[in-house]
Each structure stands twice: as structure tokens, then as C-alpha cells.
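J.: Here you go, one structure.
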Amino acid sequence: MRSGNKAVFAALAATFGTGMTLAQGPAAMVEDRPVLLGEPYSVAGVTYRPADPASYDELGYAEPIDAGSRGATTAYGETFVASAITAAHKSLPLPSYVEVTALDSGRTILVRINDRGPMRNDRIIGLSPGAMAQLGLAGGPAPVRVRRVNPPDQDQVALRRHERAAERLESPPALLKVLRERMPRKAASPATTPTVASTPTPAPLVRAGASFDTPAKPTAPRGKTPTPPATPAMTKGGYVVQVGAFSSRANADALAKRIGAQVHGGQGLWRVRFGPYPTRQAAQAGVRAAAAQGLANMPIMANDER
């Protein structure tokens, strides 16, 4: 793998062992069990902490990979197949599935993550040659959106057979415009090795809408800090459609006011949501309301308010 990913071998070997025995060959179907997370691992002085977030949505840069982190083998123990639609990620479970959107074109594909990397702070995902081709990318780094999903069984089977899953709907121009504005700047050179191990943060977490987290206009005279209104109560249970998560209450309020949603949360994280709805089917109304504002494919999730 490029960008020094060969250095990850020793760390991953200690975390995941020497690999699993899997059927080989382009027609063989690999397995999705067991799902591996692993302990924190360090590469070149940087510590990476695998995690299993309920929702993951980031903006950043993708780069092509031409081998597994162990040469011909991935961190999950599978043979690296260049034509397969696979990817490397620093922390998501192995395997897991993500939708990758090319921000230059809006094209979106489903990708199976089965490896660790790329080990550069300014890259959030490494794509196999097959994934690069399906996404229409000639090389890297390329600006992308990476969103974790739970795809239908037939799509999972297709990727496990080293075939392509059906392409997703392209992102609408209005959403692409906002996402491009939130993209982090491309690094001119590889990230330097830090002297103290840390967990890198390659790009702002989007969480299905935090790309709208732009500075809000001040509403109080300079030197005075406005007191945010109390968070509206949300009924327990049911389902919600989340369109954003923000560290700034003012930014969350601005988005909620613009699209007619509500703000909930606190303690440094403010969520913009439609709902709650009594059933998942009823929550489709929230999905349609978000889509009408240019926010496509917003997730329906269980209401976790307490």
C-alpha cells in the first residue's frame, strides 16, 4: 500500500493475528464474520484507535492503493484483489460497508472495507483499483465523502464475490456545492511524524449534515455571550431523521431554522433532527422534508433522547 503502509504490518499483526484461512480466487466469496475491531495500534509514532460508531460520515481525500497493508494480504486476512471494490480505513470495523461519493462528479458507490490505512493524516480512505475505476477516478488524492451504511444483503454478497454492487443515486448539485465548501485543504506534503502518539483527526466529522457547520453571524454585541435557549424536549422512543451534528449551538440553530427542524442535545454536541415519528415508515416524511432542502439520503435512526 502506498504512503508507507508497509509500516503497519507489525502493529496489525499483533492486533489481528496472522490472518484467517479464506477461499481464494476471483470467483470465491469471502466472509463477513468475524467482525474485527482490535486494540489501538501505532504506526510511525501515531496511535490509531479502532471504533464502531453507529453513524460515520466524513469529508476528506481518497488515495489509490495497489496492495494490502501486508503486501498481498489485507489486515482482515484476505488476499488483496485489485479488481474487487474494497478499501482501507484507519479505524472502522473490518469488514464494514461505506458509500463513497466523488465530490467532483457526485457519483456514489458501495465499498467494502477490509484493510487498515492509508497512514497519512490528510487521507481518510484508500481505494482499490476496482473501486477507483467504478467511482470514475483516475488517481489521487481525490475529494470524497465517506458514509457508513448497512446495505442490502444482495449488495453485500456482490462485494464479497469481488463483483460490483449497484451504483447509488448521484448526490444533487446543491449538496455537492456545500460539501465542497467544507472540504479540508489538500496537504502539500506527507504529514510529519509527531513526537507524541496521538489520534489524528483527518477531516471534520460530517455526521450526515454537519457540512453546514459554518460560522454563524453574531447576534449579540461584542464582549457579551448570548445564552442559548433551553433544548426542546423530545419524546422518548420512535424514530428520527438526523441531518446534522454540530459543536456550535448557534450553527445548529441556524440550520434548524432554515429547514424547519429541531435542535436537541447538549454538552458540546447539538443535533438537528426531524421527528420523532412513531414508526420507521412514518419517518420517511422526515427524509422527504430533508430531501426538499437538498439533503439527500438522510438516515432514519432510533430516537436516543433521554
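The values are calculated or read from the model by the stated rules, or taken from the named source; none is laboratory data. Please read all numbers here as calculations on a predicted model, not as lab measurements. Note that each Cβ is placed from the backbone with ideal geometry, even for glycine, and that neighbours are counted across all protein chains shown.
J.: Among the residues of region 144-163, how many are surrounded by fewer than 19 Cβ atoms within 10 Å (Cβ to Cβ) and in contact with a helix residue (DSSP H, G or I) (Cβ under 8 Å, 6 or more places away or on another chain)?
T.: Counting residues in region 144-163 that are surrounded by fewer than 19 Cβ atoms within 10 Å (Cβ to Cβ) and in contact with a helix residue (DSSP H, G or I) (Cβ under 8 Å, 6 or more places away or on another chain) gives 0.
J.: Restricting attention to region 122-131, which residues are surrounded by fewer than 24 Cβ atoms within 10 Å (Cβ to Cβ) and either over 20 Å from Arg70 (Cα atoms) or among the basic types (Lys, Arg) (or both)?
T.: Asp122
J.: Hey, another quick one. With the requirement that a residue be closer than 25 Å to Asp32 by Cβ and among the polar types (S, T, N, Q), what does region 102-127 give you?
T.: If the condition is that a residue be closer than 25 Å to Asp32 by Cβ and among the polar types (S, T, N, Q), then Thr108, Asn114 are the ones that fit.
J.: Ala165 - would you say it is in a loop (DSSP other than H, G, I, E, B) and without any contact (Cβ under 8 Å) to a residue 24 or more places away in the chain?
T.: No.
J.: Any idea which of Ser83, Ser91 is in contact with a Gly (Cβ under 6 Å, 6 or more places away or on another chain), assigned by TED's automatic domain parsing to the domain that holds Asp115, of a type in the set (S, T, N, Q) and surrounded by fewer than 24 Cβ atoms within 10 Å (Cβ to Cβ)?
T.: Of the residues listed, the single one that is in contact with a Gly (Cβ under 6 Å, 6 or more places away or on another chain), assigned by TED's automatic domain parsing to the domain that holds Asp115, of a type in the set (S, T, N, Q) and surrounded by fewer than 24 Cβ atoms within 10 Å (Cβ to Cβ) is Ser83.
J.: Still on this model: Is it the case that some residue within region 23-41 is modelled with pLDDT under 85, assigned by TED's automatic domain parsing to the domain that holds Ser96, over 19 Å from Gln156 (Cα atoms) and surrounded by fewer than 17 Cβ atoms within 10 Å (Cβ to Cβ)?
T.: No; the residues of region 23-41 include none that is modelled with pLDDT under 85, assigned by TED's automatic domain parsing to the domain that holds Ser96, over 19 Å from Gln156 (Cα atoms) and surrounded by fewer than 17 Cβ atoms within 10 Å (Cβ to Cβ).
J.: Answer with yes or no whether Asp115 is over 14 Å from the mean Cα position of the chain (by Cα), in the same structural domain as Ala28 (by TED's automatic domain parsing) and over 24 Å from Ala54 (Cα atoms).
T.: No: the conditions fail for Asp115.
J.: Among the numbered criteria (1) modelled with pLDDT under 90; (2) more than 23 Å from Ala166 (Cα to Cα), which single criterion is violated by Pro50?
T.: Every condition holds for Pro50 apart from (1).
J.: Can you give me the number of residues within region 270-300 that are outside any loop (DSSP other than H, G, I, E, B) and either over 22 Å from Arg145 (Cα atoms) or touching a strand residue (DSSP E or B) at 6+ places or on another chain (Cβ under 6 Å) (or both)?
T.: Qualifying residue count, region 270-300: 15.
J.: Modelled with pLDDT of 85 or more, buried (at least 17 other Cβ atoms within 10 Å of the Cβ) and not assigned by TED's automatic domain parsing to the domain that holds Glu170: does that describe Phe274?
T.: Yes, satisfied.
J.: Could you please give the count of residues in region 238-260 that are modelled with pLDDT of 85 or more, over 22 Å from Glu58 (Cα atoms) and not in a helix (DSSP H, G or I)?
T.: 2
J.: When the residues of region 91-101 are filtered to those that are in a loop (DSSP other than H, G, I, E, B) and without any contact (Cβ under 8 Å) to a residue 60 or more places away in the chain, which remaining residue is farthest from Val35 (Cα to Cα)?
T.: Taking region 91-101 first, the residues in a loop (DSSP other than H, G, I, E, B) are 91-93, 95.
Checking the rest, the ones that are also without any contact (Cβ under 8 Å) to a residue 60 or more places away in the chain come to 91-93.
Details: Ser91: 13, Leu92: 10, Pro93: 7 Å.
So, considering only residues that are in a loop (DSSP other than H, G, I, E, B) and without any contact (Cβ under 8 Å) to a residue 60 or more places away in the chain, the one farthest from Val35 (Cα to Cα) is Ser91.
J.: Any residue in region 169-190 that is surrounded by 14 or more Cβ atoms within 10 Å (Cβ to Cβ) and assigned to a loop (DSSP other than H, G, I, E, B) sitting within a Cβ distance under 6 Å of a residue that is modelled with pLDDT under 90 and among the hydroxyl-bearing types (Ser, Thr, Tyr)? List the pairs, counting only those 6 or more apart or interchain.
T.: Arg182/Ser211
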